[in-house]
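Asker: Here it is: the structure, laid out below.
The values are calculated or read from the model by the stated rules, or taken from the named source; none is laboratory data. Since we're looking at a predicted model, the values are computed, not measured. Note that we place each Cβ from the backbone using ideal geometry, even for glycine, and neighbour counts take in every protein chain shown. Only protein heavy atoms, including side chains, enter the accessible area calculation; ligands, DNA and RNA are left aside. Shrake-Rupley method; radii C 1.70, N 1.55, O 1.52, S 1.80 Å.
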Amino acid sequence: MTKKLIGPFTQLLPLANLPLHGALADNVLEIIKNGGIVIEHNRIVDVGPYATLQEKYSPTITFVEIDTPAVCMPSYIDCHTHIAFGGNRANDFALRNTGATYLEIAEAGGGIWSTVQHTRDASIEELTAHIIERVNVLIKQGITTIEVKSGYGLSVEQEVKTLRAIQQAQKQVPADLVPTCLAAHMKPWDFAEDATAYLEKIATELFPILRQENLTNRIDAFVEKSAFSATEIRPYLRSAKEQGFDITVHADQFTSSGSVIAVEFGAVSADHLEASTENEIQILAKSDTVAVALPGASLGLGCAYTPARLLLDKGAILAIATDWNPGSAPMGQLMIQASILAAAEKLSNAEVFTAITSRAAKALNLYDRGQLQRGQLADFNIYATANYQNITYKQGTLLPQQVWKSGELIYT
Ligand code: NIG
Ligand code: FE
């Protein structure tokens, strides 16, 4: 296969070799004017000034000319979604907006449990179709790696069905899906014994199936009053870790619970953190666990944002994800949410872009994407604008004109 030179770009932002931890000012951003990118098969071969690349690689190269003005950046990574669900929770949203809390609705049988009913009722084909439809919504935003959690099955059989649906969807979409088992989303109401017995059953019966069928390498747990306590979740996470799974935790969403456990277990990420206090922020900042802000959940619930500024200033690794789910975060729009968080929390463009590229990749334990440099996957977005700042300035309404994944143009 011949190499392709793509460009010229008015501005090319490689977002490469930036530190993972801590605050980033915009002057760290390398901006290549009249830049180009050379790809071969699914990988990046070279990045630099277009004229230099043209000279270096001709005559053996194919040219893919881009209309200017154009800005090129790595494509995005949504490292936290729950898009494998059936049904709709518009009524929860209406109830919350007239005074009921998320936890009250959950206790009354709405919330996660109502989505479990709809997801269980869906056939695997229906669930697969829902996932594909939502993945396509994300691809148009320039997102080419998407984490997808189970967690609305809440039995061995139904969790397997959900993870198989994600596996089926993967065969039909050009984005990379990263599946995660969230069987510990809450104790199912129809499970007769206690939470510990439920988690033991999952660890002994479901975990081996996840391995056998290669369904996922990641285990998530919701540590919260309405879900699992620290005491209940520790043996579960220990078992997951012993069986070689990566750990991620829904932490500190309503009360400060979970992020300390996440760090204790060397979790790849601790997500939510709206209720994190100084103590948790310090612990996260000193760790390699990525702190994932989910502004879509703050917007959906009308709650506080994750203290992103403080986390960065203390030295944490900050990622931003949509948390797309039918309950707390129904929007599913990454750049809208990231730029709203940026305005609220005072985040630089460098902090926003790394939070949805290299730092989000780290949350998924992936190191082959999120930066435009030799050897990385050729995953990038092209915007019809002359100034990269317009991307956050337009607050997610400026969409990419082209989305490339693994060297292929997948959306235009
Ligand atoms: O990340 N917090 C727990 N899980 C989801 C919400 C799931 C739901 O409400 O259906 C979240 O916000
Ligand atoms: Fe979530």
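Asker: Within region 60-69, is there a residue that is open to solvent by 60 Å² or more (accessible area, probe 1.4 Å), more than 24 Å from residue 401 (Cα to Cα) and at pLDDT below 95?
Answerer: Looking for residues that are open to solvent by 60 Å² or more (accessible area, probe 1.4 Å), more than 24 Å from residue 401 (Cα to Cα) and at pLDDT below 95, one finds at least one in region 60-69, hence yes.
Asker: Only residues that are more than 16 Å from ligand 1 (Cβ to nearest atom), assigned to a helix (DSSP H, G or I) and either open to solvent by 10 Å² or more (accessible area, probe 1.4 Å) or not aliphatic (A, V, I, L, M) (or both): list them for region 245-284, please.
Answerer: The answer is 260, 263, 264, 278, 279, 280, 282, 283.
Asker: Determine the pairs where a residue that is under 18 Å from residue 220 (Cα atoms), located within region 65-82, has a partner that is within 16 Å of ligand 1 (Cβ to nearest atom) and aromatic (Phe, Trp, Tyr) with Cβ atoms under 6 Å apart, the partner being 6 or more residues away or on another chain.
Answerer: Matching pairs, first to second residue: 81/324.
Asker: Has region 251-267 got any residue that is within 30 Å of residue 144 (Cβ to Cβ) and in contact (Cβ under 8 Å) with a residue 40 or more places away in the chain?
Answerer: Looking for residues that are within 30 Å of residue 144 (Cβ to Cβ) and in contact (Cβ under 8 Å) with a residue 40 or more places away in the chain, one finds at least one in region 251-267, hence yes.
Asker: Mind telling me which of the residues 180, 145, 196 ends up being of a type in the set (Ser, Thr, Tyr), within 23 Å of residue 234 (Cβ to Cβ) and under 15 Å from the mean Cα position of the chain (by Cα)? Talk me through it step by step, then tell me what you get.
Answerer: Details: 145 fails: within 23 Å of residue 234 (Cβ to Cβ); 196 fails: under 15 Å from the mean Cα position of the chain (by Cα).
Result: 180 is the single residue among 180, 145, 196 that is of a type in the set (Ser, Thr, Tyr), within 23 Å of residue 234 (Cβ to Cβ) and under 15 Å from the mean Cα position of the chain (by Cα).
Asker: Quick check on residue 103: is it among the hydrophobic types (A, V, I, L, M, F, W, C), in contact (Cβ under 8 Å) with a residue 24 or more places away in the chain and within 16 Å of ligand 1 (Cβ to nearest atom)?
Answerer: yes
Asker: Of a type in the set (Asp, Glu) and either part of a loop (DSSP other than H, G, I, E, B) or open to solvent by 10 Å² or more (accessible area, probe 1.4 Å) (or both) - does that describe any residue in region 287-294?
Answerer: Let us first name the residues in region 287-294 that are of a type in the set (Asp, Glu), namely 288.
Subset that is either part of a loop (DSSP other than H, G, I, E, B) or open to solvent by 10 Å² or more (accessible area, probe 1.4 Å) (or both): 288.
Yes: region 287-294 contains one or more residues that are of a type in the set (Asp, Glu) and either part of a loop (DSSP other than H, G, I, E, B) or open to solvent by 10 Å² or more (accessible area, probe 1.4 Å) (or both).
Asker: Those residues that are out of contact with any Ser or Thr (no Cβ under 9 Å at 6 or more places or on another chain) and part of a strand (DSSP E or B), I need them from region 20-34; list them, please.
Answerer: 32, the sole residue that qualifies.
Asker: For region 80-94, check the following and say yes or no: at least one residue is more than 16 Å from ligand 1 (Cβ to nearest atom) and either within 22 Å of residue 337 (Cβ to Cβ) or open to solvent by 20 Å² or more (accessible area, probe 1.4 Å) (or both). Walk me through it before giving the result.
Answerer: Of all residues in region 80-94, those more than 16 Å from ligand 1 (Cβ to nearest atom) come to none.
Taking every residue of region 80-94 in turn, none turns out to be more than 16 Å from ligand 1 (Cβ to nearest atom) and either within 22 Å of residue 337 (Cβ to Cβ) or open to solvent by 20 Å² or more (accessible area, probe 1.4 Å) (or both).
Asker: Sticking with this structure for a sec: Suppose we keep only residues that are open to solvent by less than 10 Å² (accessible area, probe 1.4 Å) and farther than 20 Å from residue 178 by Cβ within region 327-342. Which one would you say is farthest from ligand 2 (Cβ to nearest atom)? Lay out the reasoning, then the answer.
Answerer: First, pick out the residues of region 327-342 that are open to solvent by less than 10 Å² (accessible area, probe 1.4 Å): 327-329, 332, 334, 337-339, 341.
Of the ones still in play, those that are also farther than 20 Å from residue 178 by Cβ are 327-328, 339, 341.
Working: 327: 9, 328: 7, 339: 20, 341: 16 Å.
Among residues in region 327-342 that are open to solvent by less than 10 Å² (accessible area, probe 1.4 Å) and farther than 20 Å from residue 178 by Cβ, the one farthest from ligand 2 (Cβ to nearest atom) is 339.
Asker: Quickly run through region 306-326 and pick out the residues that are open to solvent by 10 Å² or more (accessible area, probe 1.4 Å), more than 15 Å from ligand 2 (Cβ to nearest atom) and not basic (Lys, Arg).
Answerer: Of everything in region 306-326, those that are open to solvent by 10 Å² or more (accessible area, probe 1.4 Å), more than 15 Å from ligand 2 (Cβ to nearest atom) and not basic (Lys, Arg) turn out to be 307, 310, 313, 315.
Asker: Same structure again: Of everything in region 247-281, what is among the acidic types (Asp, Glu) and within 16 Å of ligand 2 (Cβ to nearest atom)? Give them in sequence order.
Answerer: Matches in region 247-281: 252, 271, 274.
Asker: Could I ask something else about it? Can you tell me which of (1) of a type in the set (Lys, Arg); (2) under 30 Å from residue 379 (Cβ atoms); (3) touching a residue at least 24 places away in the same chain (Cβ under 8 Å) is the one residue 120 doesn't meet?
Answerer: So residue 120 meets the others, but not (2).
Asker: Would a scan of region 392-399 turn up a residue that is more than 21 Å from residue 34 (Cα to Cα) and of a type in the set (Lys, Arg)?
Answerer: Yes, some residue in region 392-399 is more than 21 Å from residue 34 (Cα to Cα) and of a type in the set (Lys, Arg).
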